[in-house]
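The values are calculated or read from the model by the stated rules, or taken from the named source; none is laboratory data. Note that the structure is a prediction, hence the values are computed from the model and not measured. Please note: Cβ atoms are built from the backbone with ideal geometry, for glycine as well, and neighbour counts cover all protein chains shown. With ligands, DNA and RNA removed, areas are computed over all heavy atoms of the protein, side chains included. Shrake-Rupley method; radii C 1.70, N 1.55, O 1.52, S 1.80 Å.
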Amino acid sequence: MTLLWIPLLSLIGSIISSMTGKLTRNQSTSLSLLMPFIALCITISFAPAVFSGEEVRETISWIPLLGINIAFRLDGLALLFVFMIITIGILVIFYARYYLSSKDSMPKLYSYLMLFMTAMLGIVMSNNVIQLWFFWELTSISSFLLISYWWYKSEARKGAIMALTITGGGGLALLAGLLIISNIVGSYSLDVILASRELIQSHNLYEVALILVLLGAFTKSAQFPFHFWLPHAMAAPTPVSAYLHSATMVKAGIFLLARFYPALAGTDIWFIIVSLTGMTTLLFGAYVALFKHDLKGLLAYSTISHLGLITLLFGLNTELATVAAIFHIINHATFKASLFMATGIIDHETGTRDMRKINGMWRYMPYTATLAMVAAASMAGVPLLNGFLSKEMFFAETLHQQLLGSMSWIIPVLATIAGAFSVAYSARFIHDVFFNGDPIDLPKEPSEPPRYMRVPIEILVALCLLVGIFPNFIVDDILTSASFAVLGGYVPEFKVSLWHGFNLPLLMSAFAVTGGLFMYTQRRHLFTFQASLPPLNAKKAFDNSIYVMIKWCQRKIGAIENGSLQRYLMLMFLIVLLGAGWPLFEMHELVGTKELTPVSMHSAVGAALLMIGAISTVIWYRTRMVSLLMISVVGLMVSVAFTRFSAPDLALTQLTVEVVTIVLLMLALFFLPQRSPKESSSMRIIRDISISAGLGIVVGSICYALITRPFESISNFFIANAKTGGGGTNVVNVILVDFRGFDTLGEICVLGIAALGISKLLINLPLFMPGSDSEGRPWARERYPILLASISQSLLPLALLVSVYIFLRGHNLPGGGFIAGLITAIAFILQYIAHGSNWISERLTINYRKIIASGLAIALLTGVGSWFFGRPFMTTWFDYFDIPFIGNIELASALVFDLGVYITVVGATLMILAHLGELTANAPKEEVNI
Amino acid sequence: MTEWIISILLLIGGSFVLIGSIGLVKMPDYFMRLHGPTKATTLGMASLLTAAMVFFSTSQDALSVKEILISIFLLLTAPISAYMMIKSAIHHKLDSIERTQGKDNIEDDV
């Protein structure tokens, strides 16, 4: 269970920190740090096992039939990422304490950050691809919340929407890819997928699946041409950027590449796509970063460029390249997080991020400047720092590939150029900000930040140095075990060390550094050249494409969904007609083998009445009241039919539902014209009649075919087990409250939701209230006739008595909670009719919402109750008792459940009718008196 | 003996219901027509319910009183329905023939 606690603790932390609004900032921060800290301790406790080559797994079976389990695993790669996510998360939380101004809501940021942390932890630890995808989507959503943290800023909202659209779209592609892969392998389990490399790669859908998965990874990791969301995401607060763009969000795509490396990599198509994308992104990002005046913009493009570097390493066809990729993941996370935090300090202290204004900061904040310069040097790949080591490995690996055949020598050259650019922008970051004259028009007088704001940067910079000077000592274990996981149980001989002797990679580094410095000194010419290029506005293109897409969708939707109910009905019926009618043509014989029962006089008369009622409803549909009366005839006849065919429960239900429905319709009709004009053209009538006749024929034929064939149903099981298993002789009721109790619980939930929805829709609904009927007669002056009022009042106790009787006998004789609830509801509705809702609301001060809620609670708790006896949810219990004066009676827990059903039905029915009735209670009175 | 009682009650009830229904069809105006289903039929129903009570009391060895409750319901609600129907008929100013009695008692509703 412990493995599960790592993401769970972070989720709990998210909830806890969202509730710290009343506490001081320090308290809120310490509370928020607690849970990730415990999670970190748990992770560390797993480290020795993972380093020794073990893979820790935990599975909770959820829907085993569908192979869906909640499964976590912790191998070297996951451990590395968990470490990074939690450690940098803790540092970011600590840093944000000093970064946020007093106006910003701290609990909100912490809660979102931890939610994001949960999502990331879920991705890296999932052992089930659907679960992985779920957390993947959760990162998209939580990053949306984080980027739009300053929701009142337009650019924050737009940046958040852009990030969500791009990464969300990539998420859909990923889902498709994962489903294809799971289909090929026949399992959702990551273990199985990673072990079935040959099976996946020999399948003819391999290319499709690969491209879809890569789309997911590339959108998340901001690879060209999906990179443009990342600079716009810089509208987020800097701690968020530090977290999202160093160790987490963008690394999720890289993680995906690493995770599926054993299963998907190794083919030509993988190497071509991944390496070319990585190369393009690396160059493009490094080039653009140089020209950004915004500090965070520079870091954003540098992030893109470094992500491209890692992607390129995954695409190089050597094992050592993969090791280098993982190493660079660690290094990039450390120096980029510290750089973002340093930028945050500069922004915090100067009030701007524009490098044209910020100059000479060395004099104002020497300490911060030193930290930032070390981190920036690491980004540039200066020796003694971790960035140098992985860049050296990268250069070495570009020399060992044959991707482009005889033109492969281009790749090291391009890599050196990209390296030069990265030196150039790092030099700009250092020189422009900390030296280069005096600051220009700063909004604030800069100074050193609060002492503790620098602590996270100090830790990260110390790591940069330590890894850079003693690489074997610090990262050997984790790098080996992560590479072990990515390369599928094989680690090549590698030695990370500071000094490899004079060799080609060192020469490339030297070229990059001198070239980069030269480029920076000559930057004026480059800037002029860049300014002469046509501007490329990714945001505008994105906005336009989104606009076009929305317009297109609106047109298509408008063509189908035009607001006409008749049209929807027609479309639905046509589909039913096609779907249900087609198989009938393939059936040879409509009449089955079963003997027909003789038609009795009663049945014939009933059927005739039913038909007459139905046809009359249609004929008089323009005179709505007559139509309503006719439809009530139909309902009544259905109820009689149920009685005739020995279904008293159904008959009772039908009868009560019929009463409620008619009252409801009467209320609704009040707001409608009493006569509807003749609107349909003759052609339309022909069309409608054909559709409805066709549908009638199809449904009738299906019914006839069904009832004339012998078929086995499960009714016999219920009849045999109702008394012995459920303790009741009324099979219908035992099914409702016992055998299918879970269904009933769902149904009453739906009923409650529907009632709430209807009442919400009705509140303040402006409706036209006619002052007179269709012939101009005003409404009667006496609204609530006294005779009706007093008699209905005296009927109430009688009706309640009946409903109690029906309820209590339900388990053994026709009745039960549902019917009793309807009877009670009808008794109250009669009071509403006779007295008006104002009179009732003075006397009956019950909140129907609470009634529904308590009904549902009773039903649910009865179900939960069986857990205390060690039984599955909703197990019922019954026994017989001797009670004085009453005799031997049976008590069943199902009766309590039925009580819940009863209360919910009463609450829901009354809620709907009372709210609709209240609308009529305020009918215009003035006109009545005219 | 019980069979005789039940049969007689059923016959009485049946004829009342039949007479009420004939009245509903045959009477010349709304106000007269209303008498059939409300008065005659209610009485007929009461008689039928008594028959049911006798039948179930004798055949199930226990006094069956449910029918009394049903009768009370019926006797309470039928007059009220008739009252409400007449009220709306007056409100609607339905036509009546010369012979219809009690028209002088109608107060002008509007």
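Every helix of 4 or more DSSP H residues in chain A counts as -39500 (n - 2.57), and over all residues that averages to -23500 deg cm²/dmol at 222 nm.
Can you give me the % of accessible surface on the range B:2-109 that is carbon or sulfur? Probe 1.4 Å, all protein chains present, nothing else counted.
Carbon and sulfur: 68 percent of the exposed surface of the range B:2-109.
Axis angle, to the nearest 10 degrees, between helix B:2-26 and the longest C-alpha principal axis of chain B: 20 degrees. Under conditions of 37 °C and 0.692 mPa s, the range A:669-729 yields 196 µm² s⁻¹ as its translational diffusion coefficient, taking Rh as the Kirkwood radius over Cα pairs in the Stokes-Einstein equation. For the segment B:64-75, counting C-beta atoms of other chains within 10 Å of every residue's C-beta and taking the mean gives 1. Rounded to the nearest whole Hz, the Karplus-based 3J(HN,Hα) values (6.51 cos²θ - 1.76 cosθ + 1.60, θ = phi - 60°) of the range B:96-104 follow the sequence 9, 8, 3, 6, 4, 9, x, 5, 5, with x at glycine and proline. What fraction, in whole percent, of alpha-carbon pairs in the range A:513-597 exceed 20 Å separation? The proportion of pairs with Cα distances above 20 Å equals 73 percent. Normalised by residue number, the volume inside the convex hull of the Cα atoms of the protein assembly as shown is 265 Å³ per residue. Scalar couplings 3J(HN,Hα) for the range A:285-298, obtained by applying the Karplus form with A = 6.51, B = -1.76, C = 1.60 to θ = phi - 60°, are x, 5, 5, 5, 4, 4, 9, 7, 8, 7, 3, 5, x, 4 Hz; x denotes Gly and Pro. Can you give the net charge of the other residues whose Cβ lies under 12 Å from the Cβ of A:Asp898, counting K and R as +1 and D and E as -1? Within the 12 Å Cβ shell, the charges total 0. Under a Cβ-Cβ cut-off of 11 Å, what is the net charge of the residues other than B:Ile19 that fall near it, where Lys and Arg count +1 and Asp and Glu count -1? Summing Lys and Arg as +1 and Asp and Glu as -1 gives +2. A straight Cα-to-Cα reach below 19 Å connects A:Lys540 with the aspartates and glutamates A:Glu155, residues fewer than 8 places away in its own chain not being considered. Pairwise Cα distances in the range A:468-625 exceed 21 Å for 82 percent of all pairs. Remark: the range A:102-166 projects, on average over all directions, an area of 4.6 nm² (convex hull of Cα atoms). Over all distinct Cα-Cα pairs of the range A:76-232, the Kirkwood formula returns a hydrodynamic radius of 16.9 Å. With one equal scatterer per alpha carbon and no solvent term, the Debye-computed log10 I(q)/I(0) for the range A:654-795 at 0.13, 0.14 1/Å reads -1.12, -1.17.
Quick one: which of A:Lys251/A:Lys539; A:Lys251/A:Lys296; A:Lys103/A:Lys296; A:Lys153/A:Lys251; A:Lys22/A:Lys296; A:Lys296/A:Lys357 span more than 25 angstrom between C-alpha atoms? Kindly include the intermediate steps, with their values, before the conclusion.
Values: A:Lys251/A:Lys539 23 Å; A:Lys251/A:Lys296 18 Å; A:Lys103/A:Lys296 22 Å; A:Lys153/A:Lys251 27 Å; A:Lys22/A:Lys296 32 Å; A:Lys296/A:Lys357 14 Å.
Correct reply: A:Lys153/A:Lys251; A:Lys22/A:Lys296.
Mind running the shape call on the range B:2-109? Use the C-alpha gyration tensor, a ≥ b ≥ c as the square roots of the eigenvalues: rounded below 1.5 for a/c, prolate if a/b tops b/c, oblate otherwise. Here the range B:2-109 falls in the prolate category. Association of chains A and B removes close to 1400 square angstrom of accessible area from solvent, both sides included, for a probe radius of 1.4 Å.
Could you give the alpha-carbon Rg of the range A:29-135 over 2.2 N^0.38 Å, rounded to two decimals?
Relative to the rule-of-thumb radius for its length, the range A:29-135 sits at 1.22.
Net charge near A:Phe670: determine it from the other residues with C-beta under 12 Å of the C-beta of A:Phe670, scoring Lys and Arg +1 and Asp and Glu -1. Net charge around A:Phe670: 0. The alpha-carbon atoms of the range A:783-858 define a convex hull whose volume equals 91 cubic angstrom per residue. Compactness of the range A:338-482 is given as radius of gyration and Dmax, 18.1, 58 Å, from Cα positions.
Remark: the range A:717-732, residue by residue, has Karplus-estimated 3J(HN,Hα) of 4, 5, 4, 6, 9, 4, 6, 6, x, x, x, x, 9, 8, 4, 4 Hz, where x stands for each Gly or Pro and the curve is 6.51 cos²θ - 1.76 cosθ + 1.60 at θ = phi - 60°.
Extents of the range A:740-832, largest first, come to 53, 34, 20 Å (Cα atoms, principal axes, whole angstrom).
Annotation: lysines with alpha-carbon distance below 19 angstrom to A:Lys760 (same-chain offsets under eight excluded): A:Lys850.
Of the chymotrypsin sites (Phe, Trp or Tyr not before Pro) found in the range A:641-707, those that fall in a DSSP loop while having at most 16 other beta-carbon atoms within 10 Å are A:Phe645, A:Phe671. On average, how much accessible surface per residue is there in the range B:2-109, in Å², for a 1.4 Å probe, leaving out ligands, DNA and RNA? Result: 66 Å² of accessible area for each residue.
Taken over chain B, lysine pairs spaced eight or more positions apart, or on distinct chains, with alpha carbons under 17 Å apart number 4. Straight-line cross-link reach from A:Lys220 at under 16 Å between alpha-carbon atoms covers these aspartates and glutamates, not counting any fewer than eight positions away in the same chain: A:Glu137. Summed over the residues of chain A and divided among them, the accessible surface reaches 47 Å² per residue at a probe radius of 1.4 Å.
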